[in-house]
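Accompanying notes for the structure given below.
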Amino acid sequence: MTTVEINSSTRHIGHRPDRGFAPRSPIHSTVTEILDYFGKCPRCGYPATAAHLAHTYADGSSDSEIIATCGQPCGWQGPATVTRMTHARGRR
């Protein structure tokens, strides 16, 4: 599993000198690759990869989303639902 954490200061993310900060600019984001995602690109049919993106905002709220990306250069990227092909095993 690959996880990337992005720590950002609100003075750098979404800052617009003429209007202040963008609404709900994330101050911390985590991207985790979903290794058991087996979706296909809706444009070209090539296998896609997916990642779980989790965002934390300055007001303390958070949200997350799953984004899939085509493995070929067609450029498709979009929201995805994950149907897991594997399940965690229980302890014996």
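Since every read-out is calculated from the coordinates, none of them should be taken as a lab result. Because the structure is predicted, anything quoted here is derived from the model rather than measured. No Cβ is skipped: glycine too gets one built from the backbone with ideal geometry, and neighbour counts run over all protein chains shown.
Observations
- By average C-beta atoms within 10 angstrom, highest first, the peptides 44-55, 62-73: 44-55, 62-73
- Under the simplified labelling scheme, the D63-H28 pair shows an inter-label distance of 1.9 nm, with each label point 7 Å from Cα along Cα→Cβ.
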